[in-house]
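All remarks here apply to the structure that follows.
Every number in this text was worked out from the coordinates using simple rules, so none of it is lab data. Everything quoted here is computed from the prediction, not taken from an experiment. Cβ: placed from backbone, ideal geometry, glycine included. Neighbour counts: every protein chain shown.
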């Protein structure tokens, strides 16, 4: 956990060893983690330099989403699903992301 906090992302190949995922936290307030933005690539197609670039991209994108989510009013927070979708649509090309609710 300390390494994740220091890097700002989790990098893992736990679910499928042929893939590598880089996950950065998304915050709705300064501390609580609301979600994670995860980039997934085929393991054999990425080297350490690519992992470093993807890490920077994940952190930057998660920070943008966090800032936009934190800027909304309490009234808008009442419909989180629509809000999350709107934020993602404004930050990233349609079809390049997927919202999974648990």
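Here are the numbers for this structure:
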read-out: Packing-based ranking, highest mean first, of 39-52, 57-70 given that Cβ atoms within 10 Å are counted; value: 57-70, 39-52
read-out: Virtual spin-label span in nm between residue 15 and residue 45, 7 Å along Cα→Cβ; value: 1.7
